[in-house]
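Bear in mind that the values in this text are calculations on the coordinates, not laboratory data. Predicted model, so just to flag it, every value in this text is computed and none were measured. Note that each Cβ is placed from the backbone with ideal geometry, even for glycine, and that neighbours are counted across all protein chains shown.
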Amino acid sequence: MPGDSLGQVFRVTTFGESHGAALGAIVEGCPPGLPLTEEDLQVDLDRRRPGTGRHVSQRRESDRVRILSGVYEGHTTGTAIGLLVANEDARPADYGALAEVFRPGHADYTYLMKYGRRDPRGGGRASARETVMRVAAGGIARRLLETLCGVRITGWLAELGPWRHEGPPPERTPENLFFVADDSACPPLETYLDEVRRARDSVGARVGVCARGVPPGWGDPVFDKLDALIAHALMSIGAVKAVEIGDGVGVVRQRGSEHRDAMSPAGFASNHAGGILGGISSGQDIVAHLAFKPTSSIPQEVATLDVHGRATTVAVHGRHDPCVGVRGVPVAEAMLALVLADTFLRQRAQCAGLDPPLAPLPRT
């Protein structure tokens, strides 16, 4: 299916459905000699895994990743890396009643109109479960960036319902279940999501992601601007409806005298641009935010159509997240890592050995 691949040099192709036998990925272009084990990838998969608390999907999946190829004696060989995660708690029968009905807010209607058929089992490829292979492949990209470039990627929950994180990006991804920088915010968020669930509803969220240590010069002009590639990758995550780089939509309330990031021998005075100028990294932190829509799978009845065009109603029951943005944090990290790994290898291929005429500005 066109659209299953991302990247030019570091290229990832994924396959599999929500309630099929397994999900998999092929990762091409990873340099040889990179230390890599299944345990390295499992760390991020465990953070994305369902069933870890009452505020995420109760689907019970171990999400154990297998490396099928491309790694020998704990190091990459330079050949294609095959990854596989089995579906252990698939329940395709749960969706039998939905095979003839469109779920509003889902891709049921659009997939049928495009392909003339669709997989009704949890949405098939349109399911959020598809992101498990993004996270697995992103773990390889993260390993590459940390080992060869010293680049570190951090994600966090920035906004959920009435709660908002106002501070700077955290230095490392928080370890609590909500990925919030302030642990004290967890109890109020639990109470709020309990209220949402009792109302048989869902809520959206805003997630932040930051890459530290990216040197100046990564990215290409015009169509392959680094911020364009990042926006493309983050926007490809299911349920994401908006992506912001740097100050994002906040720039409409700024003046030029405020937004431009003043420069001095000591570095940049601010980072309104989010670490990218003219589509090329500036050496500052690369900062992006993405907005997740509320989960459409809720048990409130809603008007819809069946596959014959007749009016009906539907209420979606089952194991669904009241807020998909919470588990979206490791997915956002993975997508940023995949883009930066590809960008690094492209930069190395074109500009390796070139000496810039000016030393990079100090990091601020």
Note to self: Which one, ALA242, PRO215, ASN176, is farthest towards the positive end of the dipole of the stretch 161-275 when Lys and Arg carry +1 and Asp and Glu -1 on their Cβ?
What the structure shows: ALA242
Note to self: Can you compute 3J(HN,Hα) from phi for each residue in the stretch 301-308, using the Karplus curve 6.51 cos²θ - 1.76 cosθ + 1.60 with θ = phi - 60°, rounded to whole Hz and x for Gly and Pro?
What the structure shows: 5, 9, 6, 7, 10, 8, 5, 9
Notebook entry, point to check: Give me the log10 of I(q) over I(0) for the stretch 258-341 at q = 0.12, 0.16, 0.17, 0.22 Å⁻¹, as the Debye formula computes it from C-alpha points; what are the numbers?
Noted result: -0.63, -0.80, -0.85, -1.09
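Please report HIS308, HIS272 as a ranked list, fewest other C-beta atoms within 10 angstrom at the top and most at the bottom. Spell out each step's value before the answer.
Working: HIS308 7, HIS272 17.
In order of increasing Cβ crowding within 10 Å: HIS308, HIS272.
Report, to two decimal places, the Cα Rg of the stretch 178-308 normalised by 2.2 N^0.38 Å (N = number of residues).
On the way: Rg = 19.2 Å, N = 131, 2.2 N^0.38 = 14.0 Å.
That ratio works out to 1.37.
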Next item on the list: Please list the non-local residues whose amide H lies under 5 Å from the amide H of PHE268, H modeled 1.01 Å from N, same-chain partners needing a gap of 5 or more.
Entry: THR364
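Please give the FRET efficiency for VAL43 paired with LYS241, using the beta carbon to beta carbon distance and R0 = 30 Å, rounded to the nearest 0.05. Mind showing how you got there, number by number?
On the way: r = 29 Å, r/R0 = 0.95.
Given R0 = 30 Å and the Cβ-Cβ separation, E is 0.55.
With 10 angstrom as the radius, rank VAL243, VAL151 by how many other C-beta atoms surround their C-beta, starting from the fewest. Don't skip to the end; give the middle numbers.
Details: VAL243 20, VAL151 23.
Result, fewest neighbours first: VAL243, VAL151.
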Next item on the list: Within 10 Å of each residue's Cβ, count the other Cβ atoms and sort SER69, SER296 from fewest upward.
Entry: SER69, SER296
Check: Around ALA242, which amide H atoms from residues at least 5 apart in sequence, or from another chain, sit under 5 Å from its own amide H, with H modelled in the peptide plane?
Finding: ALA291
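Using per-residue counts of other Cβ atoms within 10 Å, averaged over each peptide, order 213-221, 113-121 from highest down. Walk me through the numbers before you get to the answer.
Working: 213-221: 18.6, 113-121: 14.2.
The densest-packed peptide leads the list: 213-221, 113-121.
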Check: At 222 nm, what helix-only mean residue ellipticity would the chain give, in deg cm²/dmol to the nearest 500, using -39500 (n - 2.57) for each DSSP H run of four or more?
Finding: -7500 deg cm²/dmol
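Place a +1 charge on the Cβ of each Lys and Arg in the stretch 5-351 and a -1 charge on the Cβ of each Asp and Glu, then give the dipole magnitude about the Cα centre in debye, rounded to the nearest 20. Mind showing how you got there, number by number?
Details: 39 positive and 41 negative charges, 137 e Å.
Taking the Cα centre of the stretch 5-351 as origin, the dipole is about 660 debye.
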Notebook entry, point to check: Can you tell me the Rg and the Dmax, both Å, for the Cα atoms in the stretch 5-351?
Noted result: 20.6, 68
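Expected output is a single nm value to one decimal: the length gained when fully extending between ARG255 and LEU358, i.e. 0.36 nm times separation in residues minus the C-alpha distance. What is it? Mind showing how you got there, number by number?
Details: separation 103, 0.36 × 103 = 37.08 nm, distance 2.93 nm.
Here the segment from ARG255 to LEU358 would lengthen by 34.1 nm.
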Check: How would you rank 284-291, 264-271, highest first, on the average number of other Cβ atoms within 10 Å across their residues?
Finding: 284-291, 264-271
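Assuming 0.36 nm per residue, please report the length gained on full extension of the stretch MET113 to LEU305 beyond their Cα-Cα distance.
Values: separation 192, 0.36 × 192 = 69.12 nm, distance 1.35 nm.
Full extension of this stretch gives 67.8 nm more.
Please sort 20-32, 330-342 by packing, taking for each peptide the average over its residues of neighbouring beta carbons within 10 angstrom, highest first.
Numbers: 20-32: 19.3, 330-342: 28.2.
Ranking, from highest mean packing down: 330-342, 20-32.
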Notebook entry, point to check: Among GLY138, PRO162, THR79, which residue has its Cα positioned farthest towards the positive end of the charge dipole of the stretch 75-167, with +1 placed on the Cβ of Lys and Arg, -1 on the Cβ of Asp and Glu, and the dipole taken about the Cα centre?
Noted result: THR79
